[in-house]
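K.L.:
Here it is: the structure, laid out below.
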Amino acid sequence: MGIYLNPDNTLFFNSVNHSNVYVDKSALIDKTNGCLFGELRHICISRPRRFGKSMAANMLTAYYSRGCDSRNLFSQLKISRFDSFEKHLNKYNVFHFDIRSFASKSDNIKMMIEMLEKTIKRDLKSDYSDMNLPDDYSADEMLLAVFRKYGIPFVFIIDEWDCIFRIYKDDTKGQQLYLNYLRTLLKEQPYVALDYATGILPVKKYGEHSALNMYSEYSMANQAMFAEYTGFTPDDVAYLCKKFDMPLEKMAQWYDGYKVGSYDIYNPQSVVRAVTNRIFDSYWTKTETFEALQMYIKIDMDGLRQSVIRMIAGEHISVNTGKFQNDMVSLHSADDVLTLLIHLGYLTYDFDSKTAWIPNKEVQQEFINCIEDGGWEEVMNSLRQSDELLSATLACNSDKVAEILEEVHRKNTSIIAYNNEMSLSVTLSLAYYSARNSYEIFRELPSGKGFADLTFIPRKGVDSPAMVIELKYNKTASNALEQIKGKNYTEKLTAFSGEILLVGISYDESKGHSCVIEKIVK
């Protein structure tokens, strides 16, 4: 067994001083310092895997723990510039647990709780042997006795607090025992200066057993004051790209896109691996969360399948996150499944608009990997045809464009209802899927006297024409082209020098698809 009470700062020291890539997030400590002792001292931060939860836990342990002297370590970091730095540095008894390590050594939740209880008591009796703490005291009774005698509060850092809800998904009784244990240990206890729990899922709801209602929760649906520390910010990544001579635009295409409060956030671990390996790739490994993606997007409930297709096509979907029960089994609606995917990091969520979408190329690839396994043949066929469609468009072969769109339409009729321009837009976004590699694609881009349906702007280093596509339902392709010109939808492309393709596309219920393409030079 390891040392869990007042560990030293070795783990965080190694991260700062011996890692190829380290990004200073120590200003987070000023936020937690502001929560000490007050009503906000119970903090539950949930983030996806590989978003730096354990790094933050190690950092807080190194800062607060009386078991080490971390002044030199933190004096070189951002937290040293804050007024609260000296006041709380290495001033507290700290218990740091990784619940996953306890669960891995236990056969069930009850055994894990007993092991955790035994560990807390063992470390207290060892560090405070002069008190002769009675063996029949519970852990909370020992903590209270130590606090009353020495007056030194405790900080609890609980990493992977929610892992039992993933490992023992169906053990409802054990889960309730665990929540009750944490409540007894932490809630309304005078010895608790700070209780910082991290995991993937927010606090489990059990009606009256929302036993841990003392927590202020910060999830991927709303990180609030901790938004900046959820992952890497654009400034962080710009610094790393300059240091490692990597293209910033491509880094953003692959790993950016998480909307967290007012911040655009990158997946930190993927950025680290990309600059280390000097390769842009999907670093999302096949963990339990990948298996969850495979399992849950195939559930046919409340239009979930159509929502997934719309998001693969690049659309944003309205999601009600409020009903989610914060576990991986109580899924009663499409909103529940989509909310789970938000917490797992496969979707990002805008708190203000209440919408979710696929954040970047890396995650997009994981969705494609999942639907390749079967049951989504029509969608996959459409995606595979996207190279041919782009080539036909660039060649101004309007007949071929109409032919391919007609086929995509026919194959996906059972999935997407073709009764308006929005449905046609989803079809087109699927059909032009591969264009994302060479273009930034904007839907409803404000331009001229209105909004262009689809605007394709070449990515940096791509020698291809820009494109503006206008869609019409039960009208002609010529009508669409006239609207592009009449409303000056190319206005936003004034900074673009070169060819621009104006593409008018229509779908008529009796005549099918038609297309008109015109090339202009700016």
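The values are calculated or read from the model by the stated rules, or taken from the named source; none is laboratory data. The model shown is predicted, which means the values in this text are computed figures rather than measured ones. Virtual Cβ from ideal backbone geometry, glycine too; neighbours counted across all protein chains shown. Surface areas here come from the heavy atoms of the whole protein model, side chains and all, with no ligands, DNA or RNA. Shrake-Rupley method; radii C 1.70, N 1.55, O 1.52, S 1.80 Å.
K.L.:
To the nearest 10 square angstrom, how much accessible area does residue 272 have with a 1.4 angstrom probe?
P.N.:
Solvent-accessible area, nearest 10 Å²: 30 Å².
K.L.:
Taking a 20 Å limit on the Cα-Cα distance, which of the listed pairs 87/121; 323/354; 53/91 fall beyond it?
P.N.:
The answer is 87/121; 53/91.
K.L.:
So, one more: Would you compute, for the Cα atoms of the range 446-500, the largest minus smallest coordinate along each principal axis and list the three values in descending order, in whole Å?
P.N.:
Answer, in whole Å and largest first: 38, 19, 15 Å.
K.L.:
Right, another one. Just read off the accessible area of residue 167 with the full protein assembly in place, 1.4 Å probe, to the nearest 10 Å².
P.N.:
90
K.L.:
Here is a follow-up. At 1.4 Å probe size, with no ligands or nucleic acids counted, give the accessible surface of residue 225 in Å², nearest ten.
P.N.:
Surface accessible to solvent at residue 225 totals approximately 70 Å².
K.L.:
What's the longest uninterrupted piece of the chain once you rule out the GluC sites (Glu not before Pro) that are loop residues per DSSP with at most 16 other Cβ within 10 Å?
P.N.:
189-371
K.L.:
Which whole-number value in Å² is the accessible area per residue of the range 391-508, probe 1.4 Å?
P.N.:
Using a 1.4 Å probe on heavy atoms only, each residue of the range 391-508 averages 43 Å².
K.L.:
Ok, one more. With the radius of gyration and the Kirkwood radius both derived from the Cα set of the range 5-123, what is their ratio Rg to Rh? If you can, show how the numbers build up before the last one.
P.N.:
On the way: Rg = 15.4 Å, Rh = 15.6 Å.
That ratio equals 0.98.
K.L.:
Evaluate the distance, in nm, between pseudo-label points positioned 7 Å from the Cα of residue 216 and of residue 118 along their respective Cα→Cβ axes.
P.N.:
3.7
K.L.:
Between residue 78 and residue 407, what's the calculated FRET efficiency when r is the beta-carbon distance and R0 is 51 Å? Round to 0.05.
P.N.:
So the FRET efficiency works out to roughly 0.35.
K.L.:
Quick check: at a probe of 1.4 Å, how many percent of the accessible area of the chain sits on carbon and sulfur atoms?
P.N.:
Values: 10300 of 21860 Å².
Roughly 47 percent, rounded to a whole number.
K.L.:
Charges on Cβ only, +1 for Lys and Arg, -1 for Asp and Glu, centred on the Cα centroid of the chain; of 247, 48, 488, which one is farthest towards the dipole's positive end?
P.N.:
The residue sitting most towards the positive pole is 247.
K.L.:
For the range 80-145, what is Rg from Cα atoms divided by 2.2 N^0.38 Å, rounded to two decimals?
P.N.:
Normalised Rg, Cα atoms only: 1.44.
K.L.:
Could you put 496, 97 in order of accessible surface area, largest first, with the 1.4 Å probe and the full protein assembly present? Don't skip to the end; give the middle numbers.
P.N.:
On the way: 496 50, 97 5 Å².
Descending order: 496, 97.
K.L.:
Classify the range 175-333 from the C-alpha gyration tensor, please: rounded if a/c falls under 1.5, else prolate or oblate depending on whether a/b exceeds b/c. The partial results should precede the final answer.
P.N.:
Numbers: a/c = 2.27, a/b = 1.35, b/c = 1.68.
Oblate, since a/c reaches 1.5 and b/c is not below a/b.
K.L.:
In straight Cα distance, which lysines are under 19 Å from residue 460, not counting same-chain residues fewer than 8 positions off?
P.N.:
242, 250, 361, 492, 522
K.L.:
Roughly how big is the chain's charge dipole about its Cα centre, with Cβ charges of +1 (Lys, Arg) and -1 (Asp, Glu), in debye to the nearest 20?
P.N.:
Dipole size: approximately 860 debye.
K.L.:
Among 347, 325, 311, whose Cα projects farthest towards the positive end of the dipole of the range 304-356, with charges put on the beta-carbon of Lys, Arg (+1) and Asp, Glu (-1)?
P.N.:
My answer, from the dipole projection, is 311.
K.L.:
Please compute the modelled spin-label separation between residue 238 and residue 176, points set 7 Å along Cα→Cβ, answer in nm with one decimal.
P.N.:
5.3
K.L.:
Once every Cα of the range 311-392 carries one equal point scatterer and solvent is ignored, give the base-10 log of I(q)/I(0) from the Debye formula at q = 0.15 Å⁻¹, two decimals.
P.N.:
Once normalised to I(0) and log-transformed, intensities are -0.63.
K.L.:
Also, quick follow-up: Could you tally the net charge around residue 111, taking each other residue with its Cβ under 12 Å from the Cβ of residue 111, Lys/Arg +1 and Asp/Glu -1?
P.N.:
With Lys, Arg at +1 and Asp, Glu at -1, the neighbours total -1.
K.L.:
What per residue convex hull volume, in Å³, comes out for the range 196-283 when only alpha-carbon positions are used?
P.N.:
Spread over its residues, the Cα hull of the range 196-283 gives 112 Å³ apiece.
K.L.:
Next question, about the same structure. Using only Cα atoms, what is the ratio of the radius of gyration of the chain to 2.2 N^0.38 Å?
P.N.:
Cα Rg divided by the expected 2.2 N^0.38 Å: 1.14.
K.L.:
Just subtract the alpha-carbon distance of residue 369 and residue 518 from 0.36 nm times their residue separation and send over the number in nm, one decimal. Working shown, then result.
P.N.:
Numbers: separation 149, 0.36 × 149 = 53.64 nm, distance 3.61 nm.
That works out to 50.0 nm of additional length.
K.L.:
Which order do 251, 301 take by accessible area at a 1.4 Å probe, largest first?
P.N.:
301, 251
K.L.:
Rounded to the nearest whole Å², what accessible area per residue is found for the range 69-120 with the 1.4 Å probe?
P.N.:
51
K.L.:
Follow-up question, since we're still on this one. Which order do 235, 159, 140 take by accessible area at a 1.4 Å probe, largest first?
P.N.:
Details: 235 125, 159 5, 140 35 Å².
The ordering from most to least exposed comes out as 235, 140, 159.
K.L.:
Another question, if that's okay. Given a Förster radius of 60 Å and the C-beta distance between residue 39 and residue 384 as r, what FRET efficiency does 1/(1 + (r/R0)^6) yield to the nearest 0.05?
P.N.:
Numbers: r = 55 Å, r/R0 = 0.92.
Once the sixth-power term is evaluated, E becomes 0.60.
K.L.:
If you fit an axis through the alpha-carbon atoms of helix 139-150 and take the longest principal axis of the Cα set of the chain, what angle between them do you get, 0 to 90°, nearest 10?
P.N.:
Between the helix axis and the principal axis of the chain, the angle is about 60 degrees.
K.L.:
If you don't mind, there's one more thing I want to ask. Can you figure out the FRET efficiency of residue 22 with residue 399, using R₀ = 60 Å and their beta-carbon distance, to the nearest 0.05?
P.N.:
The formula returns an efficiency of 0.60 here.
K.L.:
Give the separation of the Cα centroids, the range 136-159 to the range 213-272, in Å.
P.N.:
Each part's Cα centre sits 36 Å from the other's.
K.L.:
Something else now. With a bin width of 10 angstrom, please list the P(r) values of the range 242-374 as percents of all Cα-Cα pairs, from the 0 bin to the one holding the largest distance.
P.N.:
Calculated over all Cα pairs of the range 242-374, the distribution is 12, 43, 33, 11, 2 percent.
K.L.:
Normalising by the residue count of the chain, find the relative contact order in percent from Cα pairs under 8 Å and 6+ residues apart.
P.N.:
Values: 890 pairs, mean separation 59.9, N = 522.
Relative contact order here is 11 percent.
K.L.:
Can you pull the semi-axes for the range 428-522, root of five times each eigenvalue of the Cα gyration tensor, sorted largest first, whole Å?
P.N.:
Semi-axis lengths for the range 428-522 are 22, 15, 11 Å.
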